[in-house]
């Protein structure tokens, strides 16, 4: 039985990587999917084409999640296309490599605006829509285990995601009376485009840090997201769990690679 049959799901940052995998994974479970993207329209349209091939409806919407006016515009377009929203997956995010003392106000603001502020205002817009239609929906946030461990040269990124964990708890309490659940899962090292671009040897280097001995594929994040989006987690809210091959248990870091990534992204 399809876990999200005829439900409407909005996935931010769905043109590539984990977001694209989640959008297509939701469609395979019967959902109609709103595909958000920032700059990669071709990737978003390709994801939408796969969703249509699965017999599901879709809408492609451009929005910079770091800008509230664009979030509002995205939700207005979604309102026109669909009668309700059942699930919001807050996936859009920026890494923002920076050596600590080289971190600029602009870098800090860009990362925090997308990863934390954007997640909040997307969640607020989704919750308003769900309340208006009396939909006991789900909000699923995609974080990172860097928020748990602390990783060198990712001060803005790790801080934004740690804030996301606090936001998850707060929203869960605020929205519980409306039956809206809010949960987060935090991936470990995943073979997505931006990670492979930062380090062509990413799979080997990070695989050596992971107790399971390898990095993850984006498709391995579909199961956790579906669990939190569906009624399988109907009695869960305000929770964060890690999908990381055991990395947060052991916590090894490839320090030399972190230095090179920060240097490349100055």
Point-to-point label distance, residue 69-residue 253, nm (Cα→Cβ direction, 7 Å offset): 3.9 nm
Tell me the Kirkwood hydrodynamic radius of segment 33-169 in angstroms, computed as one over the mean inverse distance between distinct C-alpha pairs. 16.0 Å
Angle between the Cα long axis of helix 155-175 and the longest principal axis of the chain, 0 to 90 degrees, nearest 10? 30 degrees
From the Cα gyration tensor of segment 128-266, with a ≥ b ≥ c the square roots of its eigenvalues, which class applies: rounded if a/c is under 1.5, or else prolate if a/b is larger than b/c, or else oblate? prolate
Sort 9, 87 so the one with the fewest other Cβ atoms within 10 Å of its own Cβ comes first. 87, 9
What fraction, in whole percent, of alpha-carbon pairs in the chain exceed 28 Å separation? 30 percent
Contact order normalised by residue count of the chain, Cα under 8 Å, 6+ apart, percent: 19 percent
With a cut-off of 8 Å between alpha carbons and a minimum separation of six or more residues, what is the relative contact order of segment 48-114 in percent? 31 percent
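Please work out how much length the chain gains when fully extended from residue 77 to residue 102, using 0.36 nm per residue of separation minus the C-alpha to C-alpha distance, in nm with one decimal. Numbers along the way, then the final one.
Details: separation 25, 0.36 × 25 = 9.00 nm, distance 3.91 nm.
Length gained, residue 77 through residue 102: 5.1 nm.
Would you mind ranking 50, 259 by Cβ crowding within 10 Å, fewest neighbours first? Provide the component values of the computation, followed by the final result.
Values: 50 17, 259 13.
The most exposed by this proxy come first: 259, 50.
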What does the highest-first list of 53-59, 78-84, 134-140 look like by mean Cβ count within 10 Å? 134-140, 53-59, 78-84
Taking the Cα of residue 170, stepping 7 Å toward and past its beta carbon, and measuring to each backbone N in segment 218-254: which are under 14 Å? none
Can you tell me how much longer the chain between residue 136 and residue 41 gets when fully stretched, taken as 0.36 nm per residue apart minus their C-alpha distance, in nm with one decimal? 31.1 nm
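Could you tell me the calculated FRET efficiency between residue 241 and residue 197, based on Cβ-Cβ distance and R0 = 25 angstrom, to the nearest 0.05?
About 0.35, to the nearest 0.05.
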For the ranges 90-97, 205-212, what's the packing order if you count other beta-carbon atoms within 10 Å of each residue, average per peptide, and put the highest first? 90-97, 205-212
Please work out the C-alpha center-to-center distance from segment 1-66 to segment 90-149 and express it in whole Å. 18 Å
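Counting other C-beta atoms within 10 Å, which of 26, 122 has the fewest, and how do the rest follow? Mind dumping the intermediate values first?
Working: 26 31, 122 25.
Exposure proxy ranking, most exposed first: 122, 26.
Bear in mind these aren't lab numbers, they're just calculated from the coordinates by the rules spelled out. As the structure is a computational prediction, the values presented were derived from the model and not from experiment. Here Cβ is always computed from backbone atoms with ideal geometry, including for glycine, and neighbour counts include all displayed protein chains.
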